[in-house]
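Down below is the structure, laid out as structure tokens.
The numbers here are math on the coordinates, done by the rules we state, and not lab data. Note that the coordinates shown come from a computational prediction; the quantities given were computed from them, not determined experimentally. For neighbour counting, all protein chains shown are included, and Cβ atoms are generated from backbone atoms with ideal geometry for every residue, glycine included.
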Amino acid sequence: MVTMKTRGVSLAAAATLLVCLSGISTAVSGGPTDQIRGHVDEMYQLVSSERSASESQAAVRKIADRMFDWPEMARGALGKHWQERTPSEREEFVRLFAAVFERAYLSKIQLADAEHFTYLGDTIDGEHATVRTTVTAKNGSVIAVDYRTRVGEGGSWRVYDLNTRVSVLLATIGRNSILLSRARPMLSWSRG
């Protein structure tokens with residue numbers, strides 16, 4: 001005889017087995033602060049590991065893809081111009097944006113040690129949350145970084161915006177605009 005309790009235990013066991021077999025990261029468990037901390041810690045471990053640079057980059061890119069909502073971030077960066085773009089133009093911009101942002105983010109993450117990240121907590125409002133952090137750089141400067149996240153499938157909190165009170169990251173992206181200007185010939189919608 002199958003009771004509700006046995007059915008619940010069986011469903012829980014099946015769900016656990018499915019998660020284990022599918023390779024879903026344990027970073028999906030916990031709230032937004034725990035998930036951001038997990039992603040950042042993973043990145044630090046990879047950056048400081050003895051892997052080759054290309055192996056580390058590929059592994060970090062996978063973590064960044066889980067952490068950041070690239071389409072939403074790219075849409076926010078283009079603002080009103082997003083709606084004017086075709087789906088293929090949007091896809092190309094998302095790819096370029098992710099590459100530039102990832103490079104800028106990683107260059108800044110290497111300026112501090114993992115133990116100099118302070119997680120101040122989060123504020124949850126429905127499906128949105130802001131994770132407040134401070135980062136103390138190796139030169140002693142303290143940078144406040146707020147990760148604005150949205151919960152998605154499976155309870156995964158993904159970053160769709162960063163707010164730094166010191167715009168170090170955005171300045172780096174601006175300096176990397178040469179990368180985007182080099183990519184313009186590839187974009188059929190680029191008009192100068």
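How many residues, within segment 55-86, are in contact with a strand residue (DSSP E or B) (Cβ under 7 Å, 6 or more places away or on another chain) and outside any helix (DSSP H, G or I)?
The first filter runs over segment 55-86 and keeps only residues in contact with a strand residue (DSSP E or B) (Cβ under 7 Å, 6 or more places away or on another chain), leaving 67-69, 72-73, 76.
Still in the list and also outside any helix (DSSP H, G or I): 68-69.
Number satisfying all stated conditions: 2.
Quick one: is Thr136 touching a His at 6+ places or on another chain (Cβ under 7 Å) and among the hydroxyl-bearing types (Ser, Thr, Tyr)? Working first, answer last.
Working: touching a His at 6+ places or on another chain (Cβ under 7 Å): yes; among the hydroxyl-bearing types (Ser, Thr, Tyr): yes.
Spelling it out, Thr136 is indeed touching a His at 6+ places or on another chain (Cβ under 7 Å) and among the hydroxyl-bearing types (Ser, Thr, Tyr).
Under the condition of being small (Gly, Ala, Ser) and surrounded by fewer than 16 Cβ atoms within 10 Å (Cβ to Cβ), which residue from segment 41-80 is farthest from the chain's Cα centre (by Cα)?
Looking only at segment 41-80, we keep the residues that are small (Gly, Ala, Ser), and these are 48-49, 52-54, 56, 58-59, 64, 74, 76-77, 79.
Cutting the leftovers down to surrounded by fewer than 16 Cβ atoms within 10 Å (Cβ to Cβ) gives us 48-49, 52-54, 58, 76, 79.
On the way: Ser48: 19, Ser49: 20, Ser52: 22, Ala53: 20, Ser54: 19, Ala58: 14, Gly76: 15, Gly79: 19 Å.
Top of the filtered list is Ser52.
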For segment 101-123, how many residues meet the condition of being touching a residue at least 60 places away in the same chain (Cβ under 8 Å) and either loosely packed, with under 13 Cβ neighbours inside 10 Å or touching a helix residue (DSSP H, G or I) at 6+ places or on another chain (Cβ under 7 Å) (or both)? 13
Just one of the numbered conditions (1) assigned to a helix (DSSP H, G or I); (2) among the aliphatic types (A, V, I, L, M); (3) touching a helix residue (DSSP H, G or I) at 6+ places or on another chain (Cβ under 7 Å); (4) touching a residue at least 60 places away in the same chain (Cβ under 8 Å) is not true of Val94; which one? (4)
